[in-house]
Amino acid sequence: MPSIHPMRPTAHSLQIVLALACLIVASFFSFRPGLSGPFLFDDIPNLSPLGELPVDTTAGALQFIFNNPAGPGGRPLPVVSFLADGLTWPTDPEPFKRTNLLLHLLTGLIAFLLARQLLRAGQIAADRADWLALTAAGLWLLHPLQTATVFLVVQRMTILCTAFVLLSLMALLAARQRLLDGRPASALRLCALAALPALLAALSKESAAVLPLLAAALERTIAPLPPTPTGRRARWGLLWLPSLAVLAYIASLVDFLQPIAWRGFSPAERLVTEGHVLLNYLGLILQPGLRTSLYYDNYPVRSLAREGLVVLWPWLLLLGAALLAWWQGRRAPWLAMAVLFFLAGHALEASPVPLELYFLHRNYLPMFGLLLGLAASVDGLLRSRQRLRALSPVLAVLSLFLLGTLSHSASTIWGDEGRLYNVWALENPGSPRARLSNANYWGVRGHEARALAELRDLLARNPRHLTADLASYYMECRLGQESPEHWARLRQGIANNAYDYDSAVVPTLEKLMANIEAGHCTQISIDDVIATLDALSENRTYASKDGRLIYNQIAQLFAARSNPSAALAALELALRKECSDTLWRAAAGLREGLGDIPGAIMALEQARDCDPRRGLGRWLIDDTERHAELDGWIRELRTRQNSTPKP
């Protein structure tokens, strides 16, 4: 009987493993300088409940995981991973960012495996496919645009969603191979297996909905299903019908002509603008540079009504490219795949749904197919000419070195808080968020004059920005430059609707109040702030978006000034905007203090009907303890009510 020897790895396999390990290590050290950076933007509202909930208990952890405000489903999978990095707030951001980076590297490994699978499905020789997959994964891993995803902690949602989408595509490609091999039962099992990472992707972020569109793009170009009855059924059941369902769902989410007041544009205007945004993204991907800005809140809204049909030229170009790619998907499969994968990956976030216009992290998933398709196309072009074949590996190494260098430089900026805010303000001087972040950085460090100069320059560019105007007022207070005329202009502007909507106004008014209480602002009082909040409540845009927040702030101010009747009136206005267990409890406490026991009982009964759980938390968090607490308070009040002598 012949002896059985274990399969030994070939020299090629060892080279690929070593090169892949070097790529992962190089990627880690390219991004490592950014780990020392601060929490930013959406990190704070998503992670601050760590300081409000007892997350070291099962009940508190479940509340944190399933009541997260991000997305309709709460995105519980990335949220639960935050608990591995910290259980308190404020906390050190470095562990959170390190986990993001490690997950990015793991996703890069998955990208390599999927790229190799696709290249082999595209009839590229195994050895060449391995090196091309390594190149494509490296381009994706090291691209400087990835810093916007890795160093914004909350975008772990995007990283995990992408990882699971890529795993699901790997399972679907393996199922296709089983169909080609005449093994439909095995293919069916793999399709069922693909549903698991697809579900995990959906629990990470809603953009997982584009998975059927991505699979359809691959099937049309690189990995066609067999032309058999089973293949046709798979095409309809797994690709076309789910893709049509996704597109129909996106279309059902919006009223195209109804303006989104707090966004400053309508769904139709957003759709028109996104064509320009996608071309801008393409430019940043294909011509990478040292651009680190997180904020593009000043990106211009484009309008068909204002600018005419000419404003549609980006969409005509993109749709033309998509139709050409669809038509020529078998003749130029890699270029076609690059186009279709990129557009499919943006199908949700570049649609009319009421999201902000522009964020670089939205390219994290679409960029994979784009870079793989371009790498394969360029390699094929060079190898088709004998004299240029040697250029392919040289070009790959130079490209990876360039991207790694750019990412290291960008990460150095992301890791230095002061430099980060200053660079963002210089990169995008018209961005209110960038300029306000820079002004806040200098203001809290005692450089009020520099902060005020930043705010005044922003106001010169955007005089309708209320937060900047309010912040400039309290900076003037701290510099001894307080002006009654400035406050009068602010009040008049609010009354005349001279400011655009801005979600940071109420928190900025809180900072103004702190400066009044500290004695920095002497020519206005808390009553002036209450009047300003009251004026904001009359503004339709602010009232529709921040009405509950505004009235709740008014209520707190009146309560602090021992005016429970006025506080209660404000709370009741807040409760017209949103059913809130917390606010009904506050109203019950105020009514109890005023001696209105029946009113307090009524408020607590209303609180019972206001379920504070969100998303999956409605099914997974036990609400009996909250109900028992409210019922106990109601019984106590009824006992007091029955024991009180009637007049």
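For the stretch 581-633, which residues satisfy the criterion of being out of contact with any Pro (no Cβ under 8 Å at 6 or more places or on another chain) and hydroxyl-bearing (Ser, Thr, Tyr)? It would help to see each step written out before you state the result.
Kept after step one, since they are out of contact with any Pro (no Cβ under 8 Å at 6 or more places or on another chain), are these residues of the stretch 581-633: 583-589, 591-592, 595-613, 617-625, 627-633.
Residue satisfying the conditions is THR624 alone.
Assess whether GLY547 counts as being without any contact (Cβ under 8 Å) to a residue 40 or more places away in the chain and part of a loop (DSSP other than H, G, I, E, B). Criteria not met by GLY547.
Here is a yes/no grid of residues against (1) surrounded by 19 or more Cβ atoms within 10 Å (Cβ to Cβ); (2) modelled with pLDDT under 75; (3) of a type outside the set (Phe, Trp, Tyr):
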site: ASN563; (1), (2), (3): no, no, yes
site: LEU568; (1), (2), (3): yes, no, yes
site: CYS579; (1), (2), (3): no, no, yes
site: TRP584; (1), (2), (3): yes, no, no
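Return a yes/no flag: does the stretch 178-200 have any residue that is closer than 21 Å to TYR364 by Cα and in contact (Cβ under 8 Å) with a residue 40 or more places away in the chain. Checked the stretch 178-200: at least one residue is closer than 21 Å to TYR364 by Cα and in contact (Cβ under 8 Å) with a residue 40 or more places away in the chain. The numbered conditions (1) farther than 23 Å from PRO38 by Cα; (2) open to solvent by 30 Å² or more (accessible area, probe 1.4 Å) are all true for SER409 except (1). Taken together, the residues in the stretch 101-110 that are under 16 Å from ALA201 (Cα atoms) and within 17 Å of the chain's Cα centre (by Cα) amount to 2. Restricting attention to the stretch 610-617, does a residue exist that is assigned to a helix (DSSP H, G or I) and open to solvent by 40 Å² or more (accessible area, probe 1.4 Å)? Looking through the stretch 610-617, none of the residues is assigned to a helix (DSSP H, G or I) and open to solvent by 40 Å² or more (accessible area, probe 1.4 Å). In the stretch 500-513, the residues that are assigned to a loop (DSSP other than H, G, I, E, B) reach residues that are surrounded by fewer than 17 Cβ atoms within 10 Å (Cβ to Cβ) and modelled with pLDDT of 85 or more with C-beta atoms within less than 7 angstrom, at least six apart or across chains, in these pairs: ASP500/ARG464. List pairs: first residue in the stretch 379-405 and more than 16 Å from LEU20 (Cα to Cα), second residue acidic (Asp, Glu) and assigned to a helix (DSSP H, G or I) anywhere in the structure, Cβ distance under 7 angstrom, at least six positions apart or on different chains. Listed by first residue and then by second, the contacts come to SER392/ASP379. PRO314 meets all of the listed conditions (1) of a type outside the set (D, E, K, R); (2) out of contact with any Asp or Glu (no Cβ under 9 Å at 6 or more places or on another chain); (3) within 25 Å of SER266 (Cα to Cα); (4) open to solvent by less than 50 Å² (accessible area, probe 1.4 Å) but one, namely (2).
The single condition among (1) open to solvent by 20 Å² or more (accessible area, probe 1.4 Å); (2) closer than 25 Å to ASP611 by Cα; (3) touching a residue at least 60 places away in the same chain (Cβ under 8 Å); (4) touching a helix residue (DSSP H, G or I) at 6+ places or on another chain (Cβ under 7 Å) that SER36 does not satisfy is (2).
Residues of the stretch 461-486 being aliphatic (A, V, I, L, M) and within 30 Å of the chain's Cα centre (by Cα), which ones? If you could, list the steps in order and put the result at the bottom.
Here is the first cut: in the stretch 461-486, the residues aliphatic (A, V, I, L, M) are 466, 468, 470-471, 475, 479.
Scanning the stretch 461-486 gives LEU466, ALA468, LEU470, ALA471.
Against the conditions (1) among the hydrophobic types (A, V, I, L, M, F, W, C); (2) within 19 Å of PHE342 (Cβ to Cβ); (3) out of contact with any Ser or Thr (no Cβ under 8 Å at 6 or more places or on another chain), LEU213 satisfies every one except (3).
Of the listed requirements (1) in contact (Cβ under 8 Å) with a residue 24 or more places away in the chain; (2) open to solvent by 10 Å² or more (accessible area, probe 1.4 Å), ALA338 misses just one: (2). One residue stands out in the stretch 439-460 among those that are more than 30 Å from the chain's Cα centre (by Cα) and not in a helix (DSSP H, G or I): the one that is surrounded by the most Cβ atoms within 10 Å (Cβ to Cβ), namely HIS447. With respect to the stated conditions, SER384 is open to solvent by 30 Å² or more (accessible area, probe 1.4 Å) and either modelled with pLDDT of 95 or more or of a type outside the set (D, E, K, R) (or both). In a residue-by-residue description of the stretch 272-290, the property of being at pLDDT below 90 and either under 24 Å from PRO432 (Cα atoms) or of a type outside the set (Gly, Ala, Ser) (or both) applies to at least one position. Scan the stretch 199-221 for residues that are open to solvent by 30 Å² or more (accessible area, probe 1.4 Å) and either part of a helix (DSSP H, G or I) or within 20 Å of LEU370 (Cα to Cα) (or both) and jot them down. Matches in the stretch 199-221: LEU199, LEU200, ALA202, GLU206, ALA209, ARG220. Assigned to a loop (DSSP other than H, G, I, E, B), open to solvent by less than 70 Å² (accessible area, probe 1.4 Å), in contact (Cβ under 8 Å) with a residue 12 or more places away in the chain and under 29 Å from SER293 (Cβ atoms): does that describe PHE41? Here the answer is yes, as PHE41 does meet what is asked. Which condition from (1) closer than 23 Å to THR57 by Cβ; (2) touching a Lys or Arg at 6+ places or on another chain (Cβ under 7 Å) is the one that ALA628 breaks? For ALA628, the exception is condition (2). Among the numbered conditions (1) under 23 Å from ASN462 (Cβ atoms); (2) loosely packed, with under 14 Cβ neighbours inside 10 Å; (3) modelled with pLDDT of 75 or more, the only one that SER544 does not meet is (3).
The values are calculated or read from the model by the stated rules, or taken from the named source; none is laboratory data. This structure is a prediction, so every number in the text was calculated from the model and none was measured. Using ideal geometry, Cβ is built from the backbone for each residue, glycine included, and neighbour counts are taken over all protein chains shown. Accessible surface is based on the protein model in full, side chains and every heavy atom, while ligands, DNA and RNA are left aside. Shrake-Rupley method; radii C 1.70, N 1.55, O 1.52, S 1.80 Å.
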